[in-house]
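Notes follow the structure.
All of the numbers you see were taken from the coordinates with simple rules; none came from a lab. Since this is a predicted model, take the numbers as computed values, not measurements. Backbone-built Cβ (ideal geometry, glycine too); neighbour counts: all protein chains shown.
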Amino acid sequence: AQMSSSSPSGSGGDDLSERRGIPAAKFIQDVETYLSQSGFDSNSALAFHQERLQQYKVVEMKLLAQQRDLQAKIPDIEKCLEVVATLEARKGTGEVELGCALILTACFKTFSLKDLISMLACEIEHVVSQNIVLASLEESTETSLRVSLLADFEVSEGIYSRACIEDTDSVCLWLGANVMLEYSCEEATALLKNNLENAKASLEVLVADLQFLRDQVTVTQVTIARIYNFDVHQRRVNQVTPTAIAAADA
Amino acid sequence: MQQGKSSSSGSEMQVTWEDQQNINTFSRLNNRFHELEDDIKFAKEKCDNLEDAGNELILSDEEMVRFQIGEVFAHMPREEVETKIEEMKEATFKSLEKLQQEKESIVSQMAELKKVLYAKFKDSINLEED
């Protein structure tokens, strides 16, 4: 950046005066000039810059939260892509699969006898219906039930159930706001890839914003230290006893 | 989270725009350094987990293995799982290497900047971790 030597406030040239609503911290070439030209005395200048610093910190918190959200979202989208890809890859390779079972794994809950009986009754019904399917399959020459994937998924903590996922050309995607939409596999992949690209791009912009912000914070901290030192120096020069203060906290 | 830039009292030290930019760069590098350390730790853990998974797979002799995809465990034939684990291991290892290279370059850049800044400011600046 070119130093704008004609600038009256004695500040160095900045690349940007602000970025997406975040004001840049002007670099001060010479503290004495700055103080006399701005009409600030040391204390009010310090107060001004301290307040600026606080404002920067508030914005930083917000940006960091956004960054965390995006960083969680990206692996989620990648997982979805993987699932769709797996389903697509296994189309037509599956074998006829029969018999889905409800599996209780590491379940320490005690059921009442009534509940247990009703659960088993459902299970028996399930198996009975599977047997009917099996019988009809044996009869027919065409097998229409082709399963591409067996997956165990979590029903509740510690309880898993098995799903037979048939060959399919479409998947349903959760769009948020209680909306789920069915897409063909290709459309779903395209949509997910698009979302992934957008998320990554947003993250890049966010990271750049944070870097800019941190630079401004650093400049402000150095400015505060310099004004403070100048003040101490002035007091010494004016032979006022300086109070023993530790160096300005960075 | 400061890595201190405190100045000792009294000295009328002039800070030029170039100095300020050096300090800014140092701060950026320092932040990136800490991020990288976290990323490297995470990648190492992932590598170890994949290693363990691979070993478990060799020890077990089930034909159908439950492999985690997304939130579900899909039943897959053993060879497919083996291949997948190998692929994941390679990818993670490569990214770990890249991260470590970046970290080394940052460390050397920071050392350079430290030299420059300490030369100008001596005791007036603190660039160490607190």
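Here are a few things to note about the model shown:
- Residue ID - surrounded by the most Cβ atoms within 10 Å (Cβ to Cβ), chosen from residues in segment A:29-44 that are outside any helix (DSSP H, G or I) and more than 43 Å from the chain's Cα centre (by Cα): A:Asp41
- Assessment of segment B:56-67 against the conditions (more than 14 Å from chain A (Cβ to nearest Cβ) and surrounded by 13 or more Cβ atoms within 10 Å (Cβ to Cβ)) yields at least one matching residue.
- Residue in segment A:179-199 that is part of a helix (DSSP H, G or I), within 13 Å of chain B (Cβ to nearest Cβ) and within 15 Å of the chain's Cα centre (by Cα) present: no
- Within segment B:71-130, tally of residues that are part of a helix (DSSP H, G or I), out of contact with any strand residue (DSSP E or B) (no Cβ under 8 Å at 6 or more places or on another chain) and β-branched (Val, Ile, Thr): 6
- Qualifying residue in segment A:222-236 (condition: at the interface with another protein chain (Cβ under 8 Å from one of its Cβ atoms), in a helix (DSSP H, G or I), polar (S, T, N, Q) and over 24 Å from the mean Cα position of the chain (by Cα)): yes
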